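**Q** Below you'll find the structure I mean.
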Amino acid sequence: MIGKALSFVEKLIGHGFLYQLIMLIGVAVAAYYAWRFFWIFVEVVVIRRDKSYFANRYGAGTWAVVTGGSYGIGKGWVTELARNGFNVIIIARNAKKVEALCKTLEAEFGIKTHAIIVNFRKAGEDGFFEKIAEELKKFDVSILVNNVGFLEVDEYLDLKPEDIRDMITVNIYPIALLTKHLVGQLLARTKRSGIVNMSSVAALAPMPLNTPYSASKVFSDFYSRALQLEIGDKIDILTLRPGPVQTAMTCDVMFPLGLTPTEAAASSLKLLGFSKLSYGGHWRLQFWGLILEHLPPFLQSLISQVLIRSGPVSYTHLTLPTIYSV
């Protein structure tokens, strides 16, 4: 049997078929990566946006909604949206921090702000999103940024059931249900609308010690991309997979080639209306994404465990209960 197989292969080589097939595959792979790197170059270097672009596309003086917008990446997005002329609605839990941020934004950028104070751990309760949607009807909302997230890092056997429940509730319910309640309002506008959904490089591979969180980010990733395929012709939908950003999730420590929340938001906001799926508009975000995307699964998991176990204070057994609500 093996001899016949070798003989068959020799005949293919003799006729040049196998050589031509290998060459064809090689050209296809080279063309794919040439296109990928060209697209990255465009996202990182070429694309530039200003206030006039966003005003023309989404409407001047319109409102952007950011969940978990009082800290971390969410605060970065709130700041950049305000810098580019949007009025902002911050949905978060800590009223004092939201109020202080609203005052700062109004003074610095001359925009309007509004706060909706809720605890997303209660997102599974009846009427939770209906109340938010009813309040949002008062505003001409043009942008929704689904950013709110919750992380508890630990050995799976040591995780509390309520922590798993909260990660599912906070990381999945808002992107699914707030979007559902608001999409009709976005579609009814005369101008274009946009939705930004925050996934993560954690969605690229199963991550031990990070099991519920990485799984929840797979949901965010697939939900957002499927939504884009379904209604992307009517609404700009951007799925983001950011890598290391200096937030509570990294204990406010900057990882090598990491970014600050403002840097991450500024480099990614410009992609709304241009890209559908991206690691972000900064070369460092692209670097992390491409590296993790192309590693074999066992190396992806190994790197995840090494980063977690040898992080700034060793993430294992570290409780981060307020990353979405500060």
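The values are calculated or read from the model by the stated rules, or taken from the named source; none is laboratory data. These numbers were taken from a predicted model, which means no experiment stands behind them. We place every Cβ from the backbone using ideal geometry, glycine too, and count neighbours over all the protein chains shown. SASA here: full protein model, heavy atoms, side chains in, ligands and nucleic acids out. Shrake-Rupley method; radii C 1.70, N 1.55, O 1.52, S 1.80 Å.
**Q** Name the strands (runs of 3 or more DSSP E) wholly within segment 79-160 that hold at least 1 residues that are in contact with a strand residue (DSSP E or B) (Cβ under 7 Å, 6 or more places away or on another chain), open to solvent by 60 Å² or more (accessible area, probe 1.4 Å) and of a type in the set (Ser, Thr, Tyr)?
**A** Numbers: elements: 87-92, 113-117, 141-146, 151-153.
It comes to none.
**Q** For segment 167-201, give me each residue that is open to solvent by less than 10 Å² (accessible area, probe 1.4 Å) and in contact (Cβ under 8 Å) with a residue 60 or more places away in the chain.
**A** Matches in segment 167-201: VAL170, PRO174, LEU178, LEU182, SER193, GLY194, VAL196.
**Q** Would segment 94-103 turn up any residue that is under 25 Å from ASP236 (Cα atoms) and modelled with pLDDT of 95 or more?
**A** Of the residues in segment 94-103, the ones under 25 Å from ASP236 (Cα atoms) are none.
Scanning segment 94-103, I find no residue that is under 25 Å from ASP236 (Cα atoms) and modelled with pLDDT of 95 or more, so the answer is no.
**Q** Could you tell me whether LEU204 is open to solvent by 10 Å² or more (accessible area, probe 1.4 Å), at positive phi and in contact (Cβ under 8 Å) with a residue 40 or more places away in the chain?
**A** no
**Q** Further, regarding this structure: Please tell me if LYS51 is surrounded by fewer than 18 Cβ atoms within 10 Å (Cβ to Cβ), over 28 Å from THR179 (Cβ atoms) and among the basic types (Lys, Arg).
**A** On the way: surrounded by fewer than 18 Cβ atoms within 10 Å (Cβ to Cβ): yes; over 28 Å from THR179 (Cβ atoms): no; among the basic types (Lys, Arg): yes.
No; evaluated as a whole, the condition is false for this residue.
**Q** Here is a further query. If SER268 passes every condition in (1) open to solvent by less than 60 Å² (accessible area, probe 1.4 Å); (2) modelled with pLDDT of 95 or more; (3) closer than 26 Å to LEU101 by Cα; (4) part of a helix (DSSP H, G or I) but one, which one does it miss?
**A** With (1) open to solvent by less than 60 Å² (accessible area, probe 1.4 Å); (2) modelled with pLDDT of 95 or more; (3) closer than 26 Å to LEU101 by Cα; (4) part of a helix (DSSP H, G or I) applied to SER268, the lone miss is (2).
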